[in-house]
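Reading through the C-alpha cells given below for one structure.
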Amino acid sequence: MSKKHNENDPAAGMAEVIEVVQEAGESTERTPGTGEAGASASPEELVALRDQAAKAEENRDLYIRAMADLDNFRKRAARERQDAVKYANESLLNRIIPVLDSFELALAATDSAHEAVRDGVKMIFDQLRGALTEAGLQEVDAAGQAFDPALHEAVSMLETAETPDGHVVQQLRKGYRLNDRLMRPATVVVARAPSTPSA
C-alpha cells in the first residue's frame, strides 16, 4: 500500500483497507492458480476477505453516522445554552410586568393637584422600565396597528369609521416580549367597518 493513511481518521483507514481487499480479489480473479507469492488465494480466503471488506464498509457507515449525530448534538446543545442565557430572566420579568401595569394606572389616576407626587412616581416608573428594557423586555404597543393574532389578543370589536377595518381602535393592556419571545399579548379592541343599513 503506497498511500499513508491518517491515523486520526478511522474512516479513511477503513476505506484503504477495503480498497486493498478489493485489489487482492481482482488480482486473484485475473491470475488464478499462477502460484506466485501473494498473487493467488483460495476461494475460502477470498470469501473471508470480501466479508471483512463488507464489515469494514458497514463500520465506516456507522462511524460517519455517529459523527454526524455528534455534530448535530453539539449544535443543539449550543443553541439550548444560548436560549437559556437569552431567556434566563423570563420568570422574574413575568412577575414584574404587573408592577408596570400598576405604575401606569397610578400615573393615570394622579391629577395635576398632586404634580410633585406624579413626577416622583413617573421617575421611579421610568427607572424600572429602563432597567427592564436593558434586561431585554420590550413593549408590544398595538395602538393604531393592524390586528396581529401573534401579538394581540382581541377582547371585542367596535364598529367605527374613524379607524380602518381590522386595526386596533383601543389598547386595554400593553403586551410584552422578551427579546423575540412573546410573554404577554396586548389586549385590544379591534375596529370593524360599520354595517350598511339594509334597504
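No lab work stands behind these numbers, since they all come straight from the coordinates. All figures in this text were calculated on a predicted structure; none of them were measured in a lab. Cβ coordinates were reconstructed from backbone atoms using ideal geometry, including for glycine residues, and neighbour counts include every protein chain displayed.
Results, tabulated for the structure shown:
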| read-out | value |
| --- | --- |
| Flag if N59 is in contact (Cβ under 8 Å) with a residue 60 or more places away in the chain, farther than 30 Å from A193 by Cβ and part of a helix (DSSP H, G or I) | no |
| Selection status of V140, aliphatic (A, V, I, L, M) and free of Cβ contacts under 8 Å to residues at least 40 places away in the same chain | no |
| Leading residue by the ranking (surrounded by the most Cβ atoms within 10 Å (Cβ to Cβ)) among those in region 145-199 that are β-branched (V, I, T) and under 29 Å from K86 (Cβ atoms) | V188 |
